[in-house]
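Worksheet: the structure to be examined is printed underneath.
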Amino acid sequence: TVPHFVAANKTVSFAVLENKVRGQATIDAKAYFRDAASGILNKGPMPPRVNQATQFTIHWQITNYSTDLKDVSVKASLGGNVKFTGVVKGNGPTSPVFNDRTQEIVWEIPKVLATTGLTGAPMEAIFQVEATPSSIDLGRNMLLIQDTGLKAVDEFTGIDISNKDNAITTQLPDDPTVGGQGMVTQ
């Protein structure tokens, strides 16, 4: 339709509309005392005992849903009286590193492809920690690592994304061999 005040036979209009949808990624943090599948042998008493070291394996699993991610960073601080043993495994291109100054475990990954963890195994890092409970921990579950946070950049939209998982204690709900038996004893 041509408006009556326009001297033309027809009108044409063009528009470009582009919507980019941001992706999503999740981080799942789990802990085990008996972890034969990882190939890491944990030692120490279970349930944990005051002033005696017990080792645990922490698993970080990244699932990426729809777009490639870059500059991925996963971090968590160790609990009190918990130390990093230096034993690390995983299926990613890099391994977690311990920062003595901040008491953080940091896993930096250059890129995580779309659908990682959906069409195959999630990207995973496994590391061992050693907890030595004090008398303050007696009768309760000891904190192994604080909340685990994931930060990354969505390559498609350029937008920052983040996700987190809860802190892990010696309660070990993901370990069916000892789940719920993590209260520190004398």
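The values are calculated or read from the model by the stated rules, or taken from the named source; none is laboratory data. Keep in mind the model is a prediction, meaning the values are calculated, not measured. Positions of Cβ are generated from backbone atoms using ideal geometry, with glycine treated the same way; all protein chains shown enter the neighbour counts. Just the protein is used for accessible areas: all its heavy atoms, side chains included, with ligands, DNA and RNA removed. Shrake-Rupley method; radii C 1.70, N 1.55, O 1.52, S 1.80 Å.
The table below lists the values:
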item: So residue 130, is it at pLDDT 95 or above, open to solvent by 50 Å² or more (accessible area, probe 1.4 Å) and either more than 23 Å from residue 53 (Cβ to Cβ) or not β-branched (Val, Ile, Thr) (or both); result: no
item: Every pair of residues 6+ apart whose Cβ atoms lie under 7 Å, when the first sits in the range 96-119 and is among the polar types (S, T, N, Q) while the second is outside any loop (DSSP other than H, G, I, E, B); result: 99/106; 103/77; 103/78; 115/64; 116/62; 116/63; 116/64; 116/123
item: Residue match in the range 167-182 (condition: within 30 Å of residue 21 (Cα to Cα), open to solvent by less than 30 Å² (accessible area, probe 1.4 Å) and either at pLDDT 95 or above or assigned to a strand (DSSP E or B) (or both)); result: no
item: Conditions (1) touching a Pro at 6+ places or on another chain (Cβ under 7 Å); (2) closer than 30 Å to residue 47 by Cβ: number failed by residue 116; result: (2)
item: Residue within the range 112-121 that is buried (at least 19 other Cβ atoms within 10 Å of the Cβ), under 26 Å from residue 33 (Cα atoms) and modelled with pLDDT of 95 or more present; result: no
item: Which numbered condition residue 157 fails, given (1) surrounded by fewer than 16 Cβ atoms within 10 Å (Cβ to Cβ); (2) not in a loop (DSSP other than H, G, I, E, B); result: (2)
item: Single residue of 92, 23, 79 found to be open to solvent by less than 20 Å² (accessible area, probe 1.4 Å) and either among the aromatic types (Phe, Trp, Tyr) or over 28 Å from residue 141 (Cβ atoms) (or both); result: 23
item: Scope the range 87-122; condition acidic (Asp, Glu) and either over 14 Å from the mean Cα position of the chain (by Cα) or over 17 Å from residue 146 (Cβ atoms) (or both); matching residues; result: 100, 108
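So that you can scan it fast, the table gives a plain yes or no per residue for (1) free of Cβ contacts under 8 Å to residues at least 60 places away in the same chain; (2) among the acidic types (Asp, Glu); (3) within 30 Å of residue 24 (Cα to Cα):
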site: 82; (1), (2), (3): no, no, no
site: 94; (1), (2), (3): yes, no, yes
site: 125; (1), (2), (3): no, no, yes
site: 157; (1), (2), (3): no, no, yes
